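The values are calculated or read from the model by the stated rules, or taken from the named source; none is laboratory data. Please read these numbers as outputs of a predicted model, since none were measured by experiment. In this analysis, Cβ positions are derived from the backbone assuming ideal geometry, glycine residues included, and neighbour counts consider all displayed protein chains. Side chains are part of the model used for accessible areas, which takes the heavy atoms of the whole protein and leaves out ligands, DNA and RNA. Shrake-Rupley method; radii C 1.70, N 1.55, O 1.52, S 1.80 Å.
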Amino acid sequence: QVQLVESGGGLVQPGGSLRLSCAASGSFVSINAMDWYRQAPGNQRELVATIRIDGRTNYADSVKGRFTISRDNAKNTVYLQMNNLKPDDTANYYCHARIMTEYFSPSNDYWGQGTQVTVSS
């Protein structure tokens, strides 16, 4: 089985910073891509940032210039550095990965448990 374990959420003042981590563990062949999503109460879950194995990244317009996604392949871990946080960033943040667990088989979707980020004075 595969697990994604998140950490790093918390309460921070506007303008502050947090770094989220998500580590994959278990038996798998490869991690094809890793992403961060977020969901605030009453809102749809939205894609925040993605990173490919080759390091190419994409960001939602709302976080460009403030958030940075990175990946440590040796540790099977993805990070989200969040700077200049705003109250609108308040949400539960979820790690997501497409993981191949067996050779010559389609990859599957895996989700972390979520970590709460609250930006407030």
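Observations on the structure shown:
- The stretch 33-86, residues that are part of a loop (DSSP other than H, G, I, E, B) and either under 9 Å from the mean Cα position of the chain (by Cα) or basic (K, R) (or both): R45, R56, K64, R66, K86
- Identity of the residue in the stretch 3-22, more than 17 Å from V119 (Cβ to Cβ) and of a type in the set (G, A, S), that ends up most open to solvent (accessible area, probe 1.4 Å): S7
- Flag if A60 is touching a helix residue (DSSP H, G or I) at 6+ places or on another chain (Cβ under 9 Å) and aliphatic (A, V, I, L, M): no
- Set side by side, the residues Y59, Y79, Y94 differ, and just one is open to solvent by 10 Å² or more (accessible area, probe 1.4 Å), over 19 Å from L11 (Cα atoms) and not charged (D, E, K, R), which is Y59.
- S25 satisfies every condition listed in (1) of a type outside the set (K, R); (2) open to solvent by 80 Å² or more (accessible area, probe 1.4 Å); (3) closer than 28 Å to Y103 by Cβ; (4) in a strand (DSSP E or B) except (2).
- All conditions in (1) open to solvent by less than 50 Å² (accessible area, probe 1.4 Å); (2) farther than 21 Å from V2 by Cα; (3) at pLDDT 95 or above hold for E46, with the sole exception of (1).
- Beta carbons closer than 9 Å, at least 6 apart along the sequence or on distinct chains, pair a first residue in the stretch 98-116 that is closer than 16 Å to N76 by Cβ with a second that is open to solvent by 100 Å² or more (accessible area, probe 1.4 Å) and assigned to a loop (DSSP other than H, G, I, E, B) for M100/P106; T101/Q1.
- Of the residues making up the stretch 55-99, those that are of a type in the set (S, T, Y) and under 27 Å from G26 (Cβ atoms) are T57, T68, S70, T77, Y79, Y93, Y94.
- Taken as a whole, the stretch 22-37 holds no residue that is among the acidic types (D, E) and over 22 Å from V2 (Cα atoms).
- Filtered residue count, the stretch 5-33, keeping only those that are in contact with a Ser or Thr (Cβ under 8 Å, 6 or more places away or on another chain) and of a type in the set (D, E, K, R): 1
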